[in-house]
Each structure stands twice: as structure tokens, then as C-alpha cells.
1. Looking at LEU295, LEU380, LEU362, LEU369, which is the one that is touching a residue at least 12 places away in the same chain (Cβ under 8 Å), assigned by TED's automatic domain parsing to the domain that holds LYS151 and not polar (S, T, N, Q)?
2. Out of curiosity, is ASN231 open to solvent by less than 20 Å² (accessible area, probe 1.4 Å) and over 14 Å from the mean Cα position of the chain (by Cα)?
3. Can you report the number of residues in segment 287-326 which are over 18 Å from the mean Cα position of the chain (by Cα) and assigned to a loop (DSSP other than H, G, I, E, B)?
4. Within the group ALA284, ALA276, which residue is under 15 Å from the mean Cα position of the chain (by Cα) and more than 20 Å from LEU109 (Cα to Cα)?
5. For segment 83-113, give me the residue count where each residue is within 16 Å of LEU126 (Cβ to Cβ), open to solvent by less than 10 Å² (accessible area, probe 1.4 Å), within 16 Å of the ligand (Cβ to nearest atom) and among the small types (Gly, Ala, Ser).
6. In segment 57-70, how many are under 18 Å from ALA94 (Cα atoms) and either of a type in the set (S, T, N, Q) or in a helix (DSSP H, G or I) (or both)?
7. Which of the numbered conditions does LYS154 fail, given that it passes all the others? Conditions: (1) farther than 17 Å from SER294 by Cα; (2) touching a strand residue (DSSP E or B) at 6+ places or on another chain (Cβ under 8 Å); (3) away from the ligand (no atom under 16 Å from the Cβ).
8. Quick one: in segment 272-322, which of the residues that are away from the ligand (no atom under 16 Å from the Cβ) and aromatic (Phe, Trp, Tyr) is surrounded by the fewest Cβ atoms within 10 Å (Cβ to Cβ)?
Amino acid sequence: MKNINICIAGLGTVGSNVILSLNENNDYIKSKTNLSFNILGVSAKNKFKKRICDIKNFTWCENPLDLLNIKDCNILIELIGEEKGLSFDLVKQALEKKIHVVTANKALLAMNGSELFKIAEHNNVLLLYEAAVAGGIPIIKSIKNSIYLDKINKISGILNGTTNFILTEMEKFNLDFQEVLKRAQSKGYAEADPTNDIEGIDSAHKLTLLSTLCFGSEINFKNNKFSGIGNIHIEDIHNAKKLGCRIKLISESQIIEGKIINVTEPRLIKIENPLANVDGVINAINVETKHLQSLFYAGEGAGGKATASAIISDLFEISNNSKSLSLGYKISELISFQSFDLMEKISPYYLRIVSKDLTGVLSKITSFLNESGISIETILQIPENQNNNNSIPIIIVTHDTKKSSLMIALEKIEKQEFILEKIVLINMDKNY
Ligand code: HSE
């Protein structure tokens, strides 16, 4: 029996579930692996908080940094969750002491991971993070182990449960964004400060790690372009439905013309695409490789049990595989890609143009689009939405176009006297 000694910093839902799960499954793990995971020490803000697990048999450290002085600790699990600060200091010092680290902290790794991964490699220890991306979905190990030798062309997915929950509820109950956000906060599904989720930052943190694994890019959060769901209107969700689509917050990474494109944005996705049918807090990821047209994963992206499952898989990897590389690449092999200019990206777009209901407006709008070489795929004029102001929403779906050309046309259209509101522009999935 090989003993693996663990310390845990942070005992919220995830930390408590890790302890519970290791206790409950101890015999099962031993019988399957000949490994015994022993928790030596723990640290959290409040020792006496009511928890689902018992911590009385572990050494309690008021200061998480003291966990690193516990004799024979092999693995530190960091669940404090700060982007820098104490999380960074703790992980750095653990790696410097040649203690392996497991973390669920995507913000820490996406923003400050480069230095930490270097220290890990230098000291021949692992810094693992299966729990940091898409909770219980084993996407990191799939990329690093199973499809490592298959060239990845593109990875895309729904990486944030909170925003997917909000979009799903808006559609289901015909509600505006703000109303659903309030409901989600009151039920505890969304954080009191939901900025990171709503604005796409949390998804971009996760995508940063995925793009490094898929393409060997240096960890660089600045390569991300992200926009969130705060501007998605319920009428756009209804219009999407009329077009056979749903709106989802999609994160996508690929290399185009030798440049990296890491983008998180709301998109209209065709209902036939499995990503369109992922509802509620579920996460999903689609990987396209040289050999696999579509490798699709869906599952619980957050929550105590799902995240604990990912953390335990990292404990197993560390215990089992000394040849493993944290990022799948040696640090010296990572490439510093230039960022692809999104204005140059070619894809179809959805436009909602609110105009006065006058003769000739449609032909004027389409002529501006024609001038910029933009071809129209679908036009929907929605008379039932007509209101007392004599305004009318015109929905246009373009064929593939460069965003830069579209922006020139939209600027001209918005200057017209018959245009009543800022034009709503939403990206459409390339496979629309
Ligand atoms: N805030 C995240 C989400 C939690 O909503 O998906 C998991 O990273």
C-alpha cells in the first residue's frame, strides 16, 4: 500500500466534498489502486463552521502557509480561490518545497500560472487543475492523455454554468436578463458579485488553460477577447428560435493563419448542434481533431461532488504517473502566438435593426450592406412586435462576412434618421 499524504487549504463546498469523498471511498480506492490517501492537515477561514465532513482528526492550521510545514505532505490541494494573494503564495511555496499541488483555481492559473508552472517543472512536481475547467468533465486528462497525439483543430464549448442557467431561464420563462439574474442570486446559483461569470471572464480563464493544452500556447490571458450575456435581450432569444437557433455563451479556441483566436461571446447556435441543447448549469465541450469530427462532452461544470471528482482524479494522476507534464508540454516548448484580429474573422452575423416603419427603409438598409459586399441570407420583419411608436424590428442574418466590413455598413445605417435604436449585433456560429 502506497501512502499519499494530503493537506487542504479551503473548506467550502468543494473542500468538504473532497474530504467526504475520500473518507467514503477509502476502501474502494485502496482495493482498486493500492493507494491510501491520507489527509494530514486542513485550513479554512472558520474552524467551527458547520460542514458535511468531520475535520477533528486533521491538524488544523489557522494560516494555510503552515500546512506546508506538516511533515511528509505530498500533495497540497488549494481551494482558497484568490486570483493572486494568498492562493499564489501558498501554491508557489508548496511547489518550491517540492510538494505537488492540485487546484480548482482557474483565475490564479490563467492570470498568474506561467510563473507557477515554471517552478513546478523546475522542481519536478506537478501542478494539476482538472477541477478548474468544466468541473466534473475530464477534459484536461482527455486532451493530455487520450487525444494528445491527434492534432486538435478547434475546441469550443459552454464553460460557465451561471450564464447558461440564466440564458436557459430567460427562454423558459420569457424573462429579461436582469429579472433572471436576481432570481439566480436569490437561489444562490449566481454569486452576489456575478461580474466574472456574466461578463465572460470566468469562461475566458478556463479557455486560456484549454488553449494551452490544445495548441501549446503560452498561458496568456491577454489573448482572450470576451463579451458576456448582459446585453442579450429576450426578443433576441425569441428571434433566434424563429431562425432555428438558440443563444449560448460560447468559448472557442483555434489557430487561424498561425495566430491564436481565443474568444468568448454570445452566439446563435443551430438547434442541430449539440451545444445548443445544453441547458441549465451544465457545461459542454466540443473538440474537433484531425481524426474526430466531433468529440462532445457534457456534464456538471460546478458543484461539490463534481468538482471533488476532478480533484480526486488529479490525486490519482500524481500518485500514479511521474512522467506526466502539468500542461502536456515542457515550458520551453510553449509557443508565444500572436492574437488573431477578430475584425478579420469571417462568419455569419445576426442583426436586429429597429427602424421607423416607412416605405423604402428595407431597401436602404440592404443597399448599405450591399455596398460593403455583405450578402444577406435571411430577413425577418416582425410585425407582431410593432408598437405604438410605429417602429419595426428588422432581423437580418448575413452570409459569411468579415466583421470589419459589417461594422462599416452598420455605422452608415445607424446614422440614418429612420433608425431608432443602436443595432444589435450577435455572432452566429460558423456552422450556422
Ligand atoms: N462560476 C462558475 C460557473 C463555477 O458558473 O460555471 C465553476 O467554475
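The values are calculated or read from the model by the stated rules, or taken from the named source; none is laboratory data. All values derive from a computational prediction rather than experimental measurement. Every residue, glycine among them, receives a Cβ derived from its backbone with ideal geometry; neighbour counts consider all protein chains shown. For the accessible areas, the whole protein counts, side chains as well, though only heavy atoms, and no ligand, DNA or RNA atoms are used. Shrake-Rupley method; radii C 1.70, N 1.55, O 1.52, S 1.80 Å.
1. LEU295
2. Judged against the criteria, ASN231 is not a match.
3. So the answer is 11.
4. ALA284
5. Selection size over segment 83-113: 1.
6. Total satisfying the criteria: 8.
7. So LYS154 meets the others, but not (1).
8. PHE296
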